[in-house]
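S.K.: Okay, handing you the structure first.
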Amino acid sequence: MNNANNNKMKVTRIIKGVYKVIDINGTWIAKQVFASDSSQSYWCAWSCENSEDTSCENSWAVAYPTFKALKQFAQRTPKY
């Protein structure tokens, strides 16, 4: 089994700050969100296929300062 093929990720921009990602673990949505008490932004992920379906029930409950860091987390964390 080729390990390089197992780590492929397809990223599609929906709108600025919102991406649909398909990887070996499935489909998920990444969004750039802003903290309510500051202008600091974070990247969060949800297990769903459409950005309209993001909710507390399918949130990964993780936040990263960059989209790159969130994608790295997704590559090393299997989804169940």
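S.K.: Run the numbers for Thr12 and Ala61: contour at 0.36 nm per residue of separation, minus the present Cα-Cα distance, in nm.
M.R.: My answer for the length gained is 15.5 nm.
S.K.: Among Ile14, Phe34, Val62, which residue has its Cα furthest toward the positive end of the charge dipole of the chain, with +1 on Lys/Arg Cβ and -1 on Asp/Glu Cβ?
M.R.: Ile14
S.K.: Follow-up question, since we're still on this one. Please report the base-10 log of the normalised intensity I(q)/I(0) for the range 29-77, using a Debye sum with one equal scatterer per alpha carbon and no solvent, at each q in 0.21, 0.27, 0.28 (1/Å).
M.R.: For the requested q values the scattering log ratios are -0.73, -1.07, -1.11.
S.K.: So what is the relative contact order of the chain, in percent, for Cα pairs below 8 Å that sit 6 or more residues apart?
M.R.: 20 percent.
S.K.: May I ask you to evaluate 6.51 cos²θ - 1.76 cosθ + 1.60, the Karplus curve with θ = phi - 60°, for each residue of the range 54-65 and list the ³J(HN,Hα) values in order in whole Hz, giving x for glycine and proline?
M.R.: Here the 3J(HN,Hα) series is 5, 7, 4, 5, 10, 6, 6, 6, 10, 9, 10, x Hz.
S.K.: Still on this model: With a point put 7 Å past each Cα toward its Cβ, work out how far Glu49 is from Lys68 in nm, to one decimal.
M.R.: Taking the simple label geometry, Glu49 and Lys68 are separated by 3.2 nm.
S.K.: How much length, in nm to one decimal, is gained on full extension between Gln75 and Val33, taken as 0.36 nm per residue of separation minus their Cα-Cα distance?
M.R.: Working it through step by step, the gained length comes to 13.0 nm.
S.K.: Return the calculated 222 nm mean residue ellipticity for the chain, to the nearest 500 deg cm²/dmol, obtained by summing -39500 (n - 2.57) across DSSP H runs with n ≥ 4 and dividing by the residue count.
M.R.: Per the formula, -4500 deg cm²/dmol.
Any read-out appearing in this document is the output of simple, stated calculations on the displayed coordinates, not a laboratory observation. Computed from a predicted model, the values in this text were never measured in an experiment. Glycine gets a Cβ as well: all are built from the backbone with ideal geometry, and neighbour counts include every protein chain shown.
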